[in-house]
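Below you'll find the structure, written out as structure tokens, and then a few comments.
What follows draws every value from the coordinates through simple rules; no lab data is involved. None of these values were measured; they are calculated from a predicted model. Positions of Cβ are generated from backbone atoms using ideal geometry, with glycine treated the same way; all protein chains shown enter the neighbour counts.
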4 protein chains.
Amino acid sequence: MLIVMQSQASDDKIKKVIDFIRQKGFDAHVSKGEDHTVIGAVGKKVIDKRDIELLDGVKEVIRISSPYKLVSRVFKPEDTVIQVKDVKFGGGHIGMIAGPCTVESYDQMDATAEKLSKCGVKVLRGGAFKPRTSPYAFQGLGEEGLKILREVADKYNMAVTSEVMEVSQIPMFLKYVDILQVGARNMQNFNLLKSLGEIRKPVLLKRGLSATIEEWLMSAEYLMAGGNREIIFCERGIRTFERMTRNTLDISAIPVVQKISHLPIVVDPSHATGLRDKVAPMSKAAVAAGADGLIIEVHNTPETALCDGAQSLYPEEFSDLFGELKMLASVIKKQF
Amino acid sequence: MLIVMQSQASDDKIKKVIDFIRQKGFDAHVSKGEDHTVIGAVGKKVIDKRDIELLDGVKEVIRISSPYKLVSRVFKPEDTVIQVKDVKFGGGHIGMIAGPCTVESYDQMDATAEKLSKCGVKVLRGGAFKPRTSPYAFQGLGEEGLKILREVADKYNMAVTSEVMEVSQIPMFLKYVDILQVGARNMQNFNLLKSLGEIRKPVLLKRGLSATIEEWLMSAEYLMAGGNREIIFCERGIRTFERMTRNTLDISAIPVVQKISHLPIVVDPSHATGLRDKVAPMSKAAVAAGADGLIIEVHNTPETALCDGAQSLYPEEFSDLFGELKMLASVIKKQF
Amino acid sequence: MLIVMQSQASDDKIKKVIDFIRQKGFDAHVSKGEDHTVIGAVGKKVIDKRDIELLDGVKEVIRISSPYKLVSRVFKPEDTVIQVKDVKFGGGHIGMIAGPCTVESYDQMDATAEKLSKCGVKVLRGGAFKPRTSPYAFQGLGEEGLKILREVADKYNMAVTSEVMEVSQIPMFLKYVDILQVGARNMQNFNLLKSLGEIRKPVLLKRGLSATIEEWLMSAEYLMAGGNREIIFCERGIRTFERMTRNTLDISAIPVVQKISHLPIVVDPSHATGLRDKVAPMSKAAVAAGADGLIIEVHNTPETALCDGAQSLYPEEFSDLFGELKMLASVIKKQF
Amino acid sequence: MLIVMQSQASDDKIKKVIDFIRQKGFDAHVSKGEDHTVIGAVGKKVIDKRDIELLDGVKEVIRISSPYKLVSRVFKPEDTVIQVKDVKFGGGHIGMIAGPCTVESYDQMDATAEKLSKCGVKVLRGGAFKPRTSPYAFQGLGEEGLKILREVADKYNMAVTSEVMEVSQIPMFLKYVDILQVGARNMQNFNLLKSLGEIRKPVLLKRGLSATIEEWLMSAEYLMAGGNREIIFCERGIRTFERMTRNTLDISAIPVVQKISHLPIVVDPSHATGLRDKVAPMSKAAVAAGADGLIIEVHNTPETALCDGAQSLYPEEFSDLFGELKMLASVIKKQF
């Protein structure tokens, strides 16, 4: 931690700052610059930097160690590759996850999964518990939805992922699901993160609607601090003032996260844009920018979907898109 | 719901839209304008407006009924006044809540509460379970903290409020706490909201960091839909690109919410700004703008606080501020 | 324009609204729904919709005609292709613009242009007048810079683009420059837009830091309303709360703009991210998403650049990137 | 400038960084911490910190001197009080500016000014050149508007303020206007700022829609660097994702700016909220938070206004509000 003193700070004020940080358990290293004296506070203690900023004569306090550790490439330089069945995320492998927004019935899931499976998709998505902004909207089939998801996936030899919303639901999810999703609204539900840190299945962690990348990394740190080593980041759009898309997909988060962290990052173009005709261009952008995977909404008959049909692709559209994505991936020397 | 057709939309396209919405259970009323045909879809069904926007020839679909009902003044025109002990929020009454960020020890709470009580504060705040962005930061005393809070409050005949983070904690909170807080990060933790809808104690619902007012109203709708009628909104700053304050306190949310909803709204200037010297001006602004209450961090010795000391007032500062606030309130014909 | 009345609005209130809009020169068409009466106001007059929203009993007023006309595909359905020398932007053609942030000297421009020209770049960029947030920073070489830019470009048979900041500079720019740039900070400098509407050279219009796409389209409308038909949009990142990149490049703006407007849209990954190692992934993303062009900062020796060297590519990096971009373009059936 | 090296940075890398900054004209002071070596770069040169961040082994570069100088309280500790006629802004004085959005006619201005003058308003506002997002909207009366403004103001012994949009308009404005306004969209029109730095009349500088406070201070620095010492900041709302108000009025900007700068800050609640019924609560909030002035839209007959009638107060509403504001001001020991 570096403490920058105001340009006119007296020796007395400097001394008081040094006394304060020593009393808090830090060593102090002073260096006098042309305009500003800078005090380096060295130590392992945790301190709220604003406590120092309030001292007389202090201009600014700068934290220099990163708050995240286990998620960082300093801790683990090489890519973490997460494998589910024979699909890999990370290390040059792009994983494809597809399926409807919501599990509606066995027939819907079966028809959709059959077509996806033929395209070569190995991981099936589908919501059983739905976070809805209105208490009056359809809230999902619950455990029945998870059962259907599992049954259909087994039929086509696929893995499954679904969103878990509550600590008490975790044991149920462990019975049915291969990758547990944490939704954007729960990215900082710290109790949920702590509990998911204790399981030994991959967690797909969506970025919060207004979360900074640093906060997102810290949420993954919660999971890793609990011992879970298989975390997949999922960029799904951030809230901005732009109203023509539901959210603004932050494609630049891909190279930013990949530089800092060894964990894979996938992109959800369906929720980010909220519009079917924007899913294909944004999927291509994500692959070209180096994403380690995609999670795309596909529905057998989107016009009858109970939820988010407007952003779901038809199976045929998806099939064409997947073909193009494979060609783009080969240009940048990656593979699905 | 109004469906605006594109200016060149053919009769055939208009007919297909009408067929579609009838099939979905709506009546259709057509009116032809100079440029655009508008179709009114009348009915009680729920439909994703994007499903219609994807139909050929449709320019835009506009929802005209508000998604919130119970929280609205249409449902209940007069102010809801929430009383806890002899403190009232709403209907011309401004309620004051004060106390430290975190319950650290009996002595700290006792010393702080004694001074606050002398100032006339009747509701004591203090966190027992702390939502922290880092898994390595102090997470609160847990149930022990709630016990201390209750014990100290009883000694000075005060009510207490504290943040609940998890469904499973609710029974414990009901034993100790008079107002249950939902934190900004849990504003859309829908499972928590549903469970809190079933209790019969007031809930203080903080606005999410990037929540729109409409989403905030919908979260309150969850609580009211469960049967809980005592909801207090709490504006605590939204995330913007400005970096000189922790968040941007949206003072205009006060008159906006008060016009739409009958529920009271209080303001938390401490978390919004994150800086002690900004708490007084923002508290005054909130009262002048018509807030129904304030929740202010006060610590007996902020420089030793385990959490957020930098934004906590000294008891003497608080006492002076409370005096000024009472004078401001009387100018706008309200009272603490 | 549609006027939605409150659910309990009396006939008297409805009548007053109708009288008001008739008096303003509109026809009124009334349709009664289950909950809400909706009044369609038909006419060519301009009215501030808030004036109606303030009338008693009005719930909401909804504008249904788009504010932009000439830039829209309703006005001109087919792509506008803008050609400068033998480079095309739009209609399946991707134009490449490259060069340093700032014109520093003849030698710098000559060395950079020589290498770019060898890669096949036909349009050279370089700032002569620089918009700097600090009055103490280097403000550019002025007209001397434009002269150098022109001279070097002619040597290698290239076209040039540079940013114009002021109405009074336009005649000077017309002497030297093939495409006039409007910077993000001037996107709503309406006097500048009006004057640029009167010239007959292409204008590259950058999106403002916090501009919505609709506002951006309206700024282009200013240019087209003046008679200039050659407008190129340039997405260069919007301001969000994310701090790890300078701005957030809104890749989804590409398909959104292309659907609404016939004008081409290019992407500036250098200013958006502010970081050299993010330029390549974001350039690839832009091409994959369907951009009609790129504008990339390249400097012969970035480590000595007077401005933005940190986001400038080395010529060799650029050359490799350009090769990859061409392959990506062919996958999506476009060409440079 | 402080350069924080990565935790594993080798001595060789540290040496290369030191060589680099010395070559750029800085002195280097090295201090080794437990985790990180920190290099202090001391000198007067200007350098883009990203140039250093790109060097091997560098974790982060931190600028420690503020980019603004003349606007800062370090340069001038005591409040700057700006006086126009007998109205003062700053130093405990709150200045009131009022009038219609736009000058429409002599009669409109005369009727409005008469009433405002009776309430004690001494500075009249009114737009003659209007920045409009649509080229098809009313653009103002131009010089004729300024003449009317001056004539009416002289009749009631008032000062006037109006928005200047272009360098070439400045001489005309100097003939008619006492305070020149720079609009939000021109806050970073640096050519305009430079020219206004050379005049010797007060400038009211509005905050840009998405400007940070630091950028706003830098725009004022442009004005002061040119020699103009009379700058008034004007907070008028920033763009956020909230849609129920036009912008989000950042009341906390008042104490933030007042702490850093000696210049006065006024608030424009009319443009910030865009709604008449929000103007009173936000005006009160601004005064209570310590604003040095207000600029409020008042129109003799808002329902006939050509522009922004929906946010203009009736003269009677304004009169009542002004009375309440004076009482609030006295509570916080300030005066109009």
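What's the percent breakdown of Cα-Cα distances in the range A:222-336 across 5 Å bins, shortest bin first?
Result, from short to long distances: 2, 12, 20, 21, 19, 13, 9, 4, 0 percent.
Please list, in order along the range D:171-176, the HN-Hα scalar couplings obtained from phi with the Karplus expression 6.51 cos²θ - 1.76 cosθ + 1.60 (θ = phi - 60°), rounded to whole Hz, x for Gly and Pro.
x, 4, 5, 4, 5, 10
Assuming 1.002 mPa s and 20 °C, estimate D for the range A:115-191 with Stokes-Einstein, Rh taken as the Kirkwood radius over Cα pairs, in µm²/s.
The diffusion coefficient I find is 162 µm²/s.
With the cut-off at 52 Å, report for the protein assembly as shown the share of all Cα pairs above it, as a whole percent.
Every Cα pair in the protein assembly as shown considered, those over 52 Å come to 24 percent.
Given only helices, namely DSSP H runs of n ≥ 4 each adding -39500 (n - 2.57), what is the per-residue ellipticity at 222 nm of chain A, to the nearest 500 deg cm²/dmol?
The per-residue figure over chain A is -10500 deg cm²/dmol.
Charges at C-beta only: +1 for Lys and Arg, -1 for Asp and Glu. How large is the resulting dipole of chain D about its Cα centre, in Debye rounded to 20?
740 debye
When we measure straight from the Cα of B:Lys175, which aspartates and glutamates land under 14 angstrom away, once same-chain ones fewer than 8 places off are left out?
B:Glu143, B:Glu144, B:Glu151, B:Asp154, B:Glu163
Rank D:Lys15, D:Lys115, D:Lys147 by mean-square fluctuation in a GNM of chain D with C-alpha springs under 10 angstrom and give only the top-ranked residue.
Result: D:Lys15 has the largest fluctuation of those listed.
Straight-line reach only, C-alpha to C-alpha below 12 angstrom: list the aspartates and glutamates that B:Lys16 could link to, leaving out same-chain residues fewer than 8 apart.
Straight-distance partners of B:Lys16: B:Asp56.
Ranking A:Leu54, B:Leu192 by Cβ neighbours within 10 Å, fewest first, what do you get?
A:Leu54, B:Leu192
Please state, as a whole number in µm²/s, the translational diffusion coefficient that the Stokes-Einstein equation yields for the range C:82-331 at 25 °C and 0.890 mPa s, with Rh defined as the Kirkwood radius across alpha carbon pairs.
138 µm²/s
Just the ratio, please: alpha-carbon radius of gyration of the range D:93-154 over 2.2 N^0.38 Å, N its number of residues.
Rounded to two decimals, the normalised Rg is 1.17.
For the range A:181-285, state what percent of all Cα-Cα pairs lands in each successive 5 Å bin, counting from 0 Å until the bin that includes the largest distance.
Calculated P(r), rounded to whole percents: 2, 13, 24, 24, 18, 11, 6, 2, 0.
Calculate how many DSSP beta bridges within chain C are antiparallel, expressed in % of all such bridges and rounded to the nearest 5.
Antiparallel: roughly 40 percent of the beta bridges in chain C.
Shortest first and in nm to one decimal, what separations exist between C:Tyr106 and its copies in the other chains, measuring from label points 7 Å along the Cα-to-beta-carbon line?
6.1, 8.3, 8.7
Can you list the HN-Hα couplings for the range D:93-101, worked out from phi with the Karplus curve (6.51, -1.76, 1.60; θ = phi - 60°), rounded to whole Hz and with x for Gly and Pro?
Using θ = phi - 60°, the values come out as 9, 10, x, 10, 10, 8, x, x, 4 Hz.
Taking amide H atoms as placed 1.01 Å from N in the peptide plane, list the residues 5 or more away in sequence, or in a different chain, whose amide H sits under 5 Å from that of A:Gly293.
HN-HN under 5 Å from A:Gly293: A:Gly95, A:Val267.
What FRET efficiency comes out for the pair C:Glu143/B:Lys259, r = Cβ-Cβ distance, R0 = 60 Å, nearest 0.05?
Calculated value: 0.60.
What is chain D's relative contact order, in percent, from Cα pairs under 8 angstrom and six or more apart in sequence?
Answer for chain D is 16 percent.
Give me the percent of DSSP beta bridges within the protein assembly as shown that run antiparallel, rounded to the nearest 5.
Expressed as a percentage, antiparallel bridges in the protein assembly as shown total about 40.
Tell me, what HN-Hα J-couplings in whole Hz come from the Karplus equation 6.51 cos²θ - 1.76 cosθ + 1.60 at θ = phi - 60° for each residue of the range B:184-200, using x for Gly and Pro?
Each residue's phi maps through the Karplus curve to give 4, 6, 9, 4, 10, 7, 5, 5, 5, 4, 4, 5, 6, x, 8, 8, 10 Hz.
Search the structure for amide H atoms under 5 Å from the amide H of B:Leu313, placed 1.01 Å from N in the peptide plane, and list their residues when 5 or more places away or on another chain.
Counting only residues 5 or more places away or on other chains, the set is B:Glu297, B:Val298, B:His299.
Please compute the modelled spin-label separation between C:Arg132 and B:Met172, points set 7 Å along Cα→Cβ, answer in nm with one decimal.
5.8 nm
For a footprinting-style exposure proxy, rank A:Arg276, B:Arg185 by other Cβ within 10 Å, fewest first.
The fewest-first ordering by Cβ neighbours comes to A:Arg276, B:Arg185.
Compute, for the protein assembly as shown, the length of the dipole vector about the Cα centre, with Cβ point charges of +1 (Lys, Arg) and -1 (Asp, Glu) only. Units Debye, rounded to 20.
Charge dipole, the protein assembly as shown, about its Cα centre: 0 debye, nearest 20.
With unit charges on the beta carbons (Lys and Arg positive, Asp and Glu negative) and the dipole taken about the Cα centre of the range B:139-209, which residue among B:Phe190, B:Met172, B:Leu149 sits farthest to the positive side?
Comparing the listed Cα positions along the dipole, B:Phe190 ranks first.
Mean shadow of the range A:1-123, computed from the convex hull of its alpha carbons, in nm²?
13.3 nm²
7 Å from Cα along Cα→Cβ at both A:Lys194 and B:Thr301: what's the point-to-point distance in nm?
Taking the two extended label points, one gets 2.8 nm.
Any idea how far apart C:Arg22 and B:Ser330 come out in nm if each label point goes 7 Å out from Cα toward Cβ?
Output for this residue pair reads 5.4 nm.
Using only the alpha carbons of the range D:274-336, determine the length spanned along each of the three principal axes and report them from longest to shortest in whole angstroms.
Largest first, the range D:274-336 extends 39, 19, 16 Å along its Cα principal axes.
Using modelled backbone amide H atoms (1.01 Å from N, in-plane), which distant-in-sequence or interchain residues come within less than 5 Å of B:Gly237's amide H?
Under 5 Å from the amide H of B:Gly237 lie the amide H atoms of B:Asp250, each far enough along the sequence or on another chain.
How many percent of the alpha carbon pairs in the range C:2-62 exceed a separation of 17 Å?
Beyond 17 Å sits 26 percent of the P(r) for the range C:2-62.
Once the label point is placed 7 Å from Cα along Cβ, list for C:Glu303 the distances to the corresponding points in the other copies, in nm, shortest first.
4.8, 6.3, 7.3
In which sequence would B:Asp79, A:Asp268, A:Asp154 go, from the one with the fewest C-beta neighbours within 10 Å to the one with the most?
So the ranking, lowest neighbour count to highest, is A:Asp154, B:Asp79, A:Asp268.
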